[in-house]
Each structure stands twice: as structure tokens, then as C-alpha cells.
Amino acid sequence: MSSLSTPDIITATEADLAAFDALFAHSSAIGTTANGGLHRLAASAEDGAMRDAFCAWLGERGFEVRVDAVGNVFGLVTFNPSAPYVLCGSHLDSQPNAGRFDGTYGVLAGAVAVASVTRQLRERGETPAFNLAVVNWTNEEGARFQPSLIGSSTFMGSLSVAEACSSRDAAGITLGDALAQIGYRGEAMLDVPVAAYLELHVEQGSQLENQGLAIGVVRHTWAALKWRVRFDGEQNHTGPAPMAVRRDALLAAAHAIVAVKAEAELHGLHMHSSVGRLEVEPNSPNVVPALARLLVEFRSPSTPLLAAAGERFRATLADIAARTGTTFEIEHAQLREPSHLHHGLSELAHATCAELALPCGDSVTVAGHDAISLSRRYPTSLLFVPSQGGLSHNEAEFTATADLHRGVRLLTALLYRACCQPGRYLGGATS
Ligand code: GLV
Ligand code: MN
Ligand code: MN
């Protein structure tokens, strides 16, 4: 039971928020771009430098730092070796020429919040039911290595260590070798028992800003269908080769790109689609392309709708191939099912926002997050703070410091509740 001298909520202090600001500024200087963004691809030298800074920060504050076989970095605070951990975090890798906030915010806020709760628990002489930990998941973005969410998927067992480590970047370097190069390829996966997972992230949308809300409590996530498609044509001279005999793989890809957009238009607000990467061989101005490879994405709240879109698109690819004299192959297909975040944690987040006077509402995420991986098995909460103009994966991505601080305060209070008052979200008596 709480008493008057030990209130049943704690949150980040001004000193904690100043520590967050310093850590965030340090991060923003590692992989910074000319326009004030961030270019910190997974397992790059910049990612290595940021990991070093993160581990040093944790080590100075008494966290036990451990690295697993796919480079996930855990900062553990263990009160009771037989208890599971309330884990929080996100990712320190970025997209190319991207923003400073995506992922990094959740890791650094998590580190500061765990340190704050730990310190305040010790000051109060309070022993939590669960331990605390922060994590940096490897290669959330899927920019340099595919698929996305590699670290969290491997932790959850839906991807093997061998699959993860053998993923190759555009230069043919494997993730395993890149991690070894920066000193973050651990020997084995770690058994970190998880009681709950909390992830704080910038919204990457404009709902919170438009509605004047400080916090979005994500209730569910969209599904995603990701295909790698290859067209094979015939290499030829762009000058003399008669138009009628050309088998142009890039022309086929161009038709496919238009078809990807057309598919989304059939479903109004219920589907987003894109082709984000195109590889062309030999990619010479006066050679009819022999090969074109496209990375295609369809996202929707509805898995049946995605399945139907996939079937229609497959037929469209066959039609395009016939019209262009090419052949096509779906080299890789991945369906990420939608997920629902934990009801009890979401309710606790709403109640805690009310106590901290943070206006909040329910949110949905279309973007991918490591929380989606964790939510398949563990009570998971994903919390958003506003993104200015909803802009993300862009150097100009921005969230005001006051908004970042509101999220840190909420995360600190929620971590406290999740480790000391698990009955409030897992059911049963409030401890
Ligand atoms: C990552 O940012 C994704 O949404 O796939
Ligand atoms: Mn992210
Ligand atoms: Mn991202």
C-alpha cells in the first residue's frame, strides 16, 4: 500500500530531463547530415559509434550491458535475479538521410527513464516486483539490410540467427560481418525474460498535432505485405535494336510501379502502397536493361484485403511480363500480420496520462515498430508523441523538446507502475 510519504506514482525529474537532452544532443551529433538530420544505417561505423556512446552511458550508471548474437544491446537493472524484466526501448539505426528522432527517441528516453525509476526506487527503499531494462534493437529500419525489425524478430524467434546474420546489404556485406566489424556481434541470443515491453516513439503522422494531444496510445497496427520482384529482359543496344524486339526489364518495372499505386487507389483510405527501391542492371544510359528489381509494399489494416491485392498484383505482373517480353519472379514475400497492443497497459497509460495532466488519445500505427514483434507474445504498449507535420524518414523530421519531455515523464511513470504495480495491468490485485 502507498502512504502519504511515498506517493504511488513517480516521474522524471528536471535533472532526468536535462540528462535526456544531453544524451539526445550527443546522439544527434553521431551520423549527422548537412541539413541537421541523421544518416546512421544499421551496423555502419556511425551506428557503432552511437552504440559505444549508449553503452558508455549505461555503464556509467550501473546498468549491466549485454549484447546478443544479432547485436541487440540490453541495459539491465536487476533487483531480483528470478524475476522477469519490464523492458523498454526502440532502435538507434536510421533510414538514409533521415531524422534524429525515429527510434533513437525511444531508446534514449528508455535509458533515462529506467535510470530515473531505479534511482528513485532506491531512494524510497522500495523493491519492485519486476526488474527493469532498456534495449536497442538491431536494424529496425530494414534500410541497409532486409527485412526490417531484424533484431526484435530474432529475439522473438520468428527469424533465426542464421537468417538474420546472412542478410546482405547492397555491397554484399552480411549483417553478421558488419556487426563483427563494429564490435557488436555477441556470441549467443540472451534469455531476457520479459514481463512487459514499452516503446515510446514519434508519431510519424499528424493526428496528435491536429488534435492538440501530447500522447497517442497505440491500440492496433496495420498489416504489411512486402514483395521483392524481379523482371528479366534482354540486354541490348539502345540505339540500333529495333523497338519491336526489345525486352526491356526497366519498362516492365515502370508499368509495375504504376500498378502498385493503382492498387492502393482501389481501397481509398484502407491501403497505402509504394515502391521504395529499384535496382537496374546494367544501369547504363545506352543499354536496354536486362534486369530490374523492385521492393514493393502494400499496407492495410485488413489482411484479407492485402491477400486479395497480392493476388491481383501477381496477375498484373504476369500481364506486364507478357506485354514487355520479359519474365518475372517474386523473389521474396513477407506478410506482417496486424497486431493489437495490450489492453491493460493501454488503459494504464491513459490513467497515468490523466494523473500527469497529459492530454492523450488512442492511435493506430501504419509504420513498423519493434513493439509489433514483442506484442506477439508479451504485454506490449506503444506510445506516441507528436511529429511536426507528420514528416518522417526525412532530415526535417521534428518533435519539440517539450513534447519529448512529456513522453519521458509518461514512460518513467509507466515503468514504475509496470514494475511495482503489475496488478494494475496484468489483472488481479493492485500491489
Ligand atoms: C519502418 O519505419 C517501417 O515502417 O517499415
Ligand atoms: Mn522507428
Ligand atoms: Mn523508421
Inset, instruction - Test Gly407 against the criterion of being surrounded by fewer than 18 Cβ atoms within 10 Å (Cβ to Cβ) and outside any loop (DSSP other than H, G, I, E, B), and give yes or no. - result: no
Inset, instruction - Only one of these is part of a strand (DSSP E or B), more than 30 Å from Ala113 (Cβ to Cβ), in the same structural domain as Phe328 (by TED's automatic domain parsing) and touching a residue at least 12 places away in the same chain (Cβ under 8 Å): Leu278, Leu250. Name it. - result: Leu278
Legend entry - Residues satisfying the stated conditions in segment 124-141, i.e. farther than 19 Å from Ala49 by Cα, out of contact with any Phe, Trp or Tyr (no Cβ under 8 Å at 6 or more places or on another chain) and in contact (Cβ under 8 Å) with a residue 24 or more places away in the chain: Arg124, Glu126, Ala129
Inset, instruction - Starting from segment 418-431, keep only residues that are more than 18 Å from Leu382 (Cβ to Cβ) and part of a loop (DSSP other than H, G, I, E, B), then list their pairs with residues that are β-branched (Val, Ile, Thr) and at pLDDT 80 or above whose Cβ atoms are within a distance under 9 Å, requiring at least 6 positions of separation or different chains. - result: Pro422/Val86
Legend entry - Considering residues of segment 88-104 that are within 12 Å of ligand 1 (Cβ to nearest atom) and among the small types (Gly, Ala, Ser) only, the residue surrounded by the fewest Cβ atoms within 10 Å (Cβ to Cβ): Ala98
Inset, instruction - Count, please, the residues in segment 41-75 that happen to be closer than 22 Å to Leu149 by Cβ and touching a residue at least 60 places away in the same chain (Cβ under 8 Å). - result: 18
Inset, instruction - Please name all residue pairs, on different chains or six or more residues apart, with Cβ atoms under 6 Å, provided the first residue is in segment 344-369 and is more than 20 Å from Val408 (Cβ to Cβ) and the second residue is away from ligand 1 (no atom under 16 Å from the Cβ) and charged (D, E, K, R). - result: Asp362/Arg219
Inset, instruction - With the checklist (1) in a loop (DSSP other than H, G, I, E, B); (2) within 19 Å of Glu126 (Cβ to Cβ) in hand, flag the one item Ser392 doesn't pass. - result: (2)
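Conditions tested, residue by residue: (1) within 14 Å of ligand 1 (Cβ to nearest atom); (2) part of a loop (DSSP other than H, G, I, E, B); (3) among the aliphatic types (A, V, I, L, M).
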residue: Ala69; (1), (2), (3): no, yes, yes
residue: Val86; (1), (2), (3): no, no, yes
residue: Gly106; (1), (2), (3): yes, no, no
residue: Gly110; (1), (2), (3): no, no, no
residue: Ala113; (1), (2), (3): no, no, yes
residue: Ser116; (1), (2), (3): no, no, no
residue: Glu126; (1), (2), (3): no, yes, no
residue: Asn139; (1), (2), (3): yes, yes, no
residue: Ser148; (1), (2), (3): yes, yes, no
Inset, instruction - Hey, could you check segment 142-164 for residues that are over 16 Å from Asp93 (Cα atoms) and touching a residue at least 12 places away in the same chain (Cβ under 8 Å) and say which is surrounded by the fewest Cβ atoms within 10 Å (Cβ to Cβ)? - result: Ser158
Legend entry - Lone unmet requirement of (1) in a loop (DSSP other than H, G, I, E, B); (2) surrounded by fewer than 24 Cβ atoms within 10 Å (Cβ to Cβ); (3) not acidic (Asp, Glu) for Ala180: (1)
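Among the residues of segment 309-336, write down those that are aliphatic (A, V, I, L, M) and surrounded by 15 or more Cβ atoms within 10 Å (Cβ to Cβ).
Scanning segment 309-336 gives Ala309, Leu317, Ile320, Ala321.
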Inset, instruction - May I ask you to verify whether Gly368 is over 19 Å from the mean Cα position of the chain (by Cα), outside any helix (DSSP H, G or I) and assigned by TED's automatic domain parsing to the domain that holds Ala115? - result: no
Legend entry - Candidate set from segment 80-123 (those that are free of Cβ contacts under 8 Å to residues at least 60 places away in the same chain and away from ligand 3 (no atom under 16 Å from the Cβ)); member that is nearest to the chain's Cα centre (by Cα): Thr118
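The values are calculated or read from the model by the stated rules, or taken from the named source; none is laboratory data. Since we're looking at a predicted model, the values are computed, not measured. All Cβ positions, glycine included, derive from the backbone under ideal geometry; neighbour counts span all protein chains shown.
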